[in-house]
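Have a look at the structure below, then the notes.
The values are calculated or read from the model by the stated rules, or taken from the named source; none is laboratory data. Note that this is a predicted model, so its numbers are computed, not measured. A quick note on method: Cβ atoms are made from the backbone with ideal geometry, for glycine too, and the neighbour counts reach across all protein chains shown. The accessibility values were calculated without ligands, DNA or RNA, using every heavy atom of the protein model including side chains. Shrake-Rupley method; radii C 1.70, N 1.55, O 1.52, S 1.80 Å.
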Amino acid sequence: MDDRVISFIQPSRNNLKYLKWSYHSIRKNLGYRHEICWADDFSDDGTWEWMNTIAKVDRNVKIHRNEGPTRLGHTILYDTLVDMATNDIVMIYHADMYACPGMDEYVLKHLERGKVVSATRIEPPLHPDGPEKVLLDFGIEPEEFDEHGLWNWLESDKDFQHNETTEGIFAPWAIYKDDFLAIGGHDSLYAPQSKEDSDIFNRFVLVGYELIQTWKGFVYHMTCRGSRFKDGALRNPAGQVFMKGRESTEWLEQNLRSTRNFIRKWGHMVQHDELMKPIIPPKYDVGFVVENCTTDMLKELEPWCSDIYGDWVGHKGYGVNQYIKEEQPNTQFDLSKRIHSLHIPPKNGVLVKFDCNKLTPQNFQILVNLSEMLQDSGEAGKMEYEIFKFHIKSLETYEKDLILVK
């Protein structure tokens, strides 16, 4: 047995029944040698009271509470708990995950400094299947969990995966605490939630950490039982499970905010291969020089560039200043330093000039895929393509400047 121990990092908000189910699986299947670090994010379902009860009898449990009045989210609380953890190894672990027997040993088998190791998820068919996980229905709620069926499957011969490991990452993932802290942990830009995982995965790759997924160590994952599907899953009369259309308004609004911030930071949408290894296009210094840009179009364009320059005199709608006033609370980027008058000489390495009246959903995709286009065929000079006029002064890239959260 590997004598190293793990600190499980588990924030929780109003999902007590899942947290209880998860806790008992860790202690039943992995024992009491691992530390569990919990954060209660201003719950009102008895979570904090239960955590205190457990902490009094389980000395290897550490607890923390956000007293509110607003939630902090797991983006912040993950890092709070990592700081609290007393072991060298931490594992980001969702509150709706069941630890299968031996999961810790298979993760530790591959874990060294400079590596991040994920267990493999077994999930009910609530989301599309993928080659990075196992889709099997052993229950969608703790009260119907088929532990016996899961254990029988774990003990059977499994031919679905020929390699013991693949290269990818998804929770639960383990890392040495000092490797985690070396890049500044999660970026609070995404608080309270959403896209913070994709961001830190990009940074793991850029800093040179090796990503490993073990296909011997498993968790059963109920999926998204925090704010996204906080009302739980359902079955239809035929017994089929579904989630579609049940996302909470809170999650949808925050996901939109975090997606826009991810684009502002990285210059592209989240990208990964089929096994969940991040794909990271270059980050260029891009300026848009626009004509006839309405406020609605400004909202669509602003995240996709470092700076946007326009003639805002007589601007239709409620105006640039109102856009900044309304959007600024949603981001840590200073929007007043990103939106400029045409009188300001552009200093960006790549300038893209176009008439917003000529934008269509089709040619907008050129802006969405600009990083890949510049990487494949960009060269210094001037060129025209579709409705766009490009002036490429420099193709210097900046993605490695994004590794460290300051």
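Brief remarks follow.
- A single member of 7, 43, 12, 22 is hydroxyl-bearing (Ser, Thr, Tyr) and closer than 22 Å to residue 204 by Cα, and it is 7.
- Strands (runs of 3 or more DSSP E) contained in the stretch 301-406 and holding at least 3 residues open to solvent by less than 30 Å² (accessible area, probe 1.4 Å), more than 16 Å from residue 261 (Cα to Cα) and of a type in the set (A, V, I, L, M, F, W, C): 350-355, 388-392
- Whichever residue in the stretch 81-110 is of a type outside the set (Asp, Glu) and surrounded by fewer than 19 Cβ atoms within 10 Å (Cβ to Cβ) and, among such residues, is nearest to the chain's Cα centre (by Cα): 84
- Candidates 155, 143, 132, filtered to the one that is out of contact with any His (no Cβ under 7 Å at 6 or more places or on another chain), modelled with pLDDT of 95 or more and charged (D, E, K, R): 132
- Remark: pairs (first residue in the stretch 172-191, within 24 Å of residue 333 (Cα to Cα); second residue open to solvent by 20 Å² or more (accessible area, probe 1.4 Å) and part of a helix (DSSP H, G or I); Cβ separation under 6 Å; 6+ apart in sequence or on different chains) = 183/207; 185/79; 186/79; 191/76.
- Test for residue 39: is it surrounded by 15 or more Cβ atoms within 10 Å (Cβ to Cβ) and more than 18 Å from residue 94 (Cα to Cα): no
- Scanning the stretch 202-219 for residues that are among the aliphatic types (A, V, I, L, M), open to solvent by 30 Å² or more (accessible area, probe 1.4 Å) and more than 25 Å from residue 189 (Cα to Cα) gives no hits.
- Qualifying residue in the stretch 59-71 (condition: open to solvent by less than 30 Å² (accessible area, probe 1.4 Å) and either acidic (Asp, Glu) or touching a His at 6+ places or on another chain (Cβ under 9 Å) (or both)): no
- Residue 199 meets the conditions (1) modelled with pLDDT of 90 or more; (2) surrounded by fewer than 18 Cβ atoms within 10 Å (Cβ to Cβ); (3) among the acidic types (Asp, Glu) in every case but one. The failed one is (2).
- Top-ranked residue of the stretch 111-129 - restricted to ones that are part of a loop (DSSP other than H, G, I, E, B) and open to solvent by less than 10 Å² (accessible area, probe 1.4 Å), ranked as nearest to residue 174 (Cα to Cα): 111
- Residue 187 vs. criteria within 14 Å of the chain's Cα centre (by Cα), open to solvent by 40 Å² or more (accessible area, probe 1.4 Å) and at pLDDT 95 or above: no
- Test: residue in the stretch 346-353 that is in contact (Cβ under 8 Å) with a residue 60 or more places away in the chain, within 23 Å of residue 300 (Cβ to Cβ), among the basic types (Lys, Arg) and out of contact with any Leu (no Cβ under 9 Å at 6 or more places or on another chain): yes
- Residue ID - farthest from residue 368 (Cα to Cα), chosen from residues in the stretch 258-294 that are touching a strand residue (DSSP E or B) at 6+ places or on another chain (Cβ under 8 Å) and of a type in the set (Lys, Arg): 277
- Verdict on residue 226 being assigned to a loop (DSSP other than H, G, I, E, B) and either at pLDDT below 95 or open to solvent by 20 Å² or more (accessible area, probe 1.4 Å) (or both): yes
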